[in-house]
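Notes follow once the structure below has been shown.
The values are calculated or read from the model by the stated rules, or taken from the named source; none is laboratory data. Given the structure is predicted, the values throughout are model-derived calculations rather than measurements. Cβ placement follows ideal geometry from the backbone for every residue including glycine, while neighbour counts extend to all protein chains displayed.
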């Protein structure tokens, strides 16, 4: 267990330090241009960057750690004497299982209690000092059961919306339609500045049309309701995420599977640690001519296959209608079967 957890912590700090160096080299000019102080770059952004990616890839870091120190034990001929002395393979496996359970509990706590607050600080920093300019086109959003908004495009550089249409329904009847050639919204309130504005009220016998070149008004929705960045859900705790999903379901959002995947992934990803630990032991406990390098190569291939399977099921859930909970847990189920098979044929 000391080897297991010690190697995991070492790998975590080593690989995350490398990731921070590469990320800083890419973003440093943007940070300087936006006037980001070093105290916030290091103390806010990169501390939370470390937490986010360290937790996100904990199963992979754990897997590499298991491959690393188990292969070294095998190459030093430490495992063969253990088994030859009458220690059963299951007994040899026990510290791995206990250590991986500790990491699973740690990962669940991090995913569900620490990571949302950490992500909020990281995203706020990005919003202030480094945010990629987002553009959207041909968006259709159902604000509520009787409110629908369309817009042609959003320009992340100028932060304005073109050709926005807002429909207000009363039962099965259209009450009025508001259109604007350009719209600028406040990110904190429901206040809007509309240009080339027209509103048409539908009457039983006559319609009423109001046109203005420019107007300031308050609507039932805000700018953030139309220009939504999906990574915002990373900063929500479980209660907030459940409320948000219900709100989006009421609005008829097309992104519900994506939100549900984020919710279920917070529980499914930690259990990948146990599964990949068992695979790592089975693969690296035998002494091979290729030694550590060959075992690491095999381990990386398995990691790539696991990540690829997660991406495939995620895409299927978002685009094809695959059930999100099954999409998230299916890679774990498949690789759990592979782990049991590899353990069965492992040298004992």
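Summary of values
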item	result
Condition check for residue 294: free of Cβ contacts under 8 Å to residues at least 12 places away in the same chain and either under 30 Å from residue 176 (Cβ atoms) or part of a helix (DSSP H, G or I) (or both)	yes
Any hit, the range 61-72, residues being at pLDDT 90 or above, surrounded by fewer than 19 Cβ atoms within 10 Å (Cβ to Cβ) and either in contact with a helix residue (DSSP H, G or I) (Cβ under 9 Å, 6 or more places away or on another chain) or not assigned by TED's automatic domain parsing to the domain that holds residue 182 (or both)	no
The range 231-250: number of residues that are in contact (Cβ under 8 Å) with a residue 24 or more places away in the chain and within 26 Å of residue 193 (Cβ to Cβ)	1
Residue that is modelled with the highest pLDDT [pool: residues in the range 125-136 that are in a helix (DSSP H, G or I) and in contact with a helix residue (DSSP H, G or I) (Cβ under 8 Å, 6 or more places away or on another chain)]	125
Unique residue being surrounded by fewer than 17 Cβ atoms within 10 Å (Cβ to Cβ), assigned by TED's automatic domain parsing to the domain that holds residue 42 and either out of contact with any strand residue (DSSP E or B) (no Cβ under 6 Å at 6 or more places or on another chain) or within 30 Å of residue 54 (Cα to Cα) (or both) when the list is 204, 124	124
Flag if residue 313 is crowded, with 19+ Cβ neighbours inside 10 Å and in contact with a helix residue (DSSP H, G or I) (Cβ under 8 Å, 6 or more places away or on another chain)	yes
Boolean, residue 145 is loosely packed, with under 15 Cβ neighbours inside 10 Å and assigned by TED's automatic domain parsing to the domain that holds residue 221	yes
Unique match (being surrounded by 13 or more Cβ atoms within 10 Å (Cβ to Cβ), touching a strand residue (DSSP E or B) at 6+ places or on another chain (Cβ under 7 Å) and either more than 30 Å from residue 294 (Cβ to Cβ) or assigned by TED's automatic domain parsing to the domain that holds residue 195 (or both)) among 129, 182	182
Helices (runs of 4 or more DSSP H) contained entirely in the range 1-120, each with at least 2 residues that are under 24 Å from residue 262 (Cβ atoms)	2-33, 47-56, 58-75, 89-109
Members of the range 20-36 that are touching a helix residue (DSSP H, G or I) at 6+ places or on another chain (Cβ under 8 Å) and surrounded by 16 or more Cβ atoms within 10 Å (Cβ to Cβ)	20, 31, 36
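For every residue, the table says whether it meets (1) modelled with pLDDT of 85 or more; (2) loosely packed, with under 14 Cβ neighbours inside 10 Å; (3) farther than 21 Å from residue 69 by Cα; (4) not assigned by TED's automatic domain parsing to the domain that holds residue 101.
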site	(1), (2), (3), (4)
235	yes, no, yes, yes
240	yes, yes, yes, yes
260	yes, no, yes, no
263	yes, no, yes, no
280	yes, no, no, no
283	yes, no, no, no
308	yes, yes, yes, no
331	yes, no, yes, no
